[in-house]
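Below is one structure, written out as structure tokens; comments come after it.
Bear in mind that the values in this text are calculations on the coordinates, not laboratory data. The shown structure was predicted, so the numbers you read here are calculated from the model rather than taken from an experiment. Quick reminder, even Gly has a Cβ in these numbers, built from the backbone with ideal geometry, and neighbours come from all protein chains shown.
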Amino acid sequence: MSLELNVEKCMRCGACVGACPVNAIFLKEHSPAVGRGCTECGLCVNICPVGAFSLGGE
Ligand code: SF4
Ligand code: SF4
């Protein structure tokens, strides 16, 4: 699996940044980005009000 972020959907509310239990999401030039340490727990997928995150892949 892999976590994907659709930056065109993102409205930059910042909710995902606070929701990530391992602080893997950070703001980069006002857009969220997923850095190292993501465990693919899915919390950000569930919290994002516009469904910008998705867990997909194999
Ligand atoms: S899937 Fe979980 S660990 Fe990965 S960025 Fe989202 S909240 Fe953080
Ligand atoms: S929760 Fe969703 S809309 Fe808000 S900053 Fe994160 S990805 Fe963007």
Practice item. Those residues that are more than 9 Å from ligand 1 (Cβ to nearest atom) and not basic (Lys, Arg), I need them from segment 11-31; list them, please. Key: 11, 13, 14, 15, 17, 18, 26, 27, 29, 30, 31
Check your understanding: Are any of the residues in segment 1-9 touching a residue at least 40 places away in the same chain (Cβ under 8 Å) and touching a helix residue (DSSP H, G or I) at 6+ places or on another chain (Cβ under 8 Å)?
Key -> yes
Check your understanding: Looking at 4, 8, which one is under 9 Å from the mean Cα position of the chain (by Cα) and either basic (Lys, Arg) or more than 10 Å from ligand 1 (Cβ to nearest atom) (or both)?
Key -> 4
